[in-house]
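Notes follow once the structure below has been shown.
The values are calculated or read from the model by the stated rules, or taken from the named source; none is laboratory data. Note that the structure is a prediction, hence the values are computed from the model and not measured. For neighbour counting, all protein chains shown are included, and Cβ atoms are generated from backbone atoms with ideal geometry for every residue, glycine included. Only protein heavy atoms, including side chains, enter the accessible area calculation; ligands, DNA and RNA are left aside. Shrake-Rupley method; radii C 1.70, N 1.55, O 1.52, S 1.80 Å.
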Amino acid sequence: MINIIWVTMLVIGLIFAGINGKMPEVNEAIFAGAKDAVTICFGLISILVFWLGMMKIAQSAGLLDGLAKLLRPIATRLFPEVPSNHPAMGYILSNMTANMFGLGNAATPMGIKAMQELRRLNGDRDEASRSMITLLAINTASITLIPTTVISIRMTYDSVSPTEIVGTTILATFCSTVGAILIDRYFYYRRMRRR
């Protein structure tokens, strides 16, 4: 469906530009956007490679396992239907840890694996389980301690202080995570009362 929306927007934009004689501006914007995309990608690659390397070192040193142990009591309360030794819990903890370090690209595969395992726990039904909804809410809002992607973009565009957003990011993502959990629980308990 999303592909149809993007293609429709593109076609409407091109028709509108053609009717109004704006095709030279469209061509210029396409090439400028492509150049900016490459610049941003190279900036992101360097910072993501650095932080993925740091994550690998932290994993080898046992820091990620320690962080996962700290998060496990929270995760077991957030996902009571998931057995603590189930592979889904491991993927959930890995996803949460990667998101905390602002590594959305590294967190996504873990989130997908967690969803697959949660679906198996749900009997492969098409309807999302409570745990699947909670994971989606937490993954979307997740607490971020180091916003690596945003820092990388700020560095690419020569920000004077690219890391000055760390404090506000921690506060904002903490608030969004608490909000996501509260809303998730509100709708869950409301649905349970109706049954």
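Data for the structure
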read-out	value
Some residue of segment 8-29 being within 30 Å of the chain's Cα centre (by Cα), surrounded by fewer than 10 Cβ atoms within 10 Å (Cβ to Cβ), without any contact (Cβ under 8 Å) to a residue 12 or more places away in the chain and farther than 30 Å from Met155 by Cβ	no
Residue in segment 180-188 that is part of a loop (DSSP other than H, G, I, E, B) and in contact with a Lys or Arg (Cβ under 8 Å, 6 or more places away or on another chain) present	no
Failed item in (1) part of a helix (DSSP H, G or I); (2) under 27 Å from Leu135 (Cα atoms); (3) in contact (Cβ under 8 Å) with a residue 12 or more places away in the chain; (4) not hydroxyl-bearing (Ser, Thr, Tyr), with Arg77 passing the rest	(3)
Pair list, Cβ < 7 Å and 6+ apart or interchain, from segment 178-195 residues that are over 18 Å from Pro80 (Cα atoms) to residues that are open to solvent by less than 80 Å² (accessible area, probe 1.4 Å)	Gly179/Ala141
Residue within segment 153-168 that is open to solvent by less than 40 Å² (accessible area, probe 1.4 Å) and within 16 Å of the chain's Cα centre (by Cα) present	no
Residues (closer than 20 Å to Ala180 by Cα and in a helix (DSSP H, G or I)) located in segment 83-103	Met89, Tyr91, Ile92, Leu93, Ser94, Asn95, Met96, Thr97, Ala98, Asn99, Met100
Boolean, Gly33 is part of a loop (DSSP other than H, G, I, E, B) and small (Gly, Ala, Ser)	no
Selection status of Asp124, open to solvent by 90 Å² or more (accessible area, probe 1.4 Å) and modelled with pLDDT under 80	no
Test: residue in segment 84-92 that is within 26 Å of Val150 (Cβ to Cβ), under 21 Å from the mean Cα position of the chain (by Cα), in contact (Cβ under 8 Å) with a residue 12 or more places away in the chain and open to solvent by 20 Å² or more (accessible area, probe 1.4 Å)	yes
Residue that is in contact with a Ser or Thr (Cβ under 8 Å, 6 or more places away or on another chain) and on the phi < 0 side of the Ramachandran plot, where the choices are Ala137, Ala180, Ala128	Ala180
Qualifying residue in segment 156-171 (condition: in a helix (DSSP H, G or I) and touching a Gly at 6+ places or on another chain (Cβ under 7 Å))	yes
Conditions (1) of a type in the set (S, T, N, Q); (2) part of a helix (DSSP H, G or I); (3) in contact (Cβ under 8 Å) with a residue 12 or more places away in the chain; number of the one not met by Thr144	(2)
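The rows are residues; the columns are (1) buried (at least 19 other Cβ atoms within 10 Å of the Cβ); (2) assigned to a helix (DSSP H, G or I); (3) at positive phi; (4) within 21 Å of the chain's Cα centre (by Cα).
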{"position": "Ile57", "(1), (2), (3), (4)": "no, yes, no, no"}
{"position": "Glu81", "(1), (2), (3), (4)": "no, no, no, no"}
{"position": "Asn105", "(1), (2), (3), (4)": "no, yes, no, yes"}
{"position": "Arg119", "(1), (2), (3), (4)": "no, yes, no, yes"}
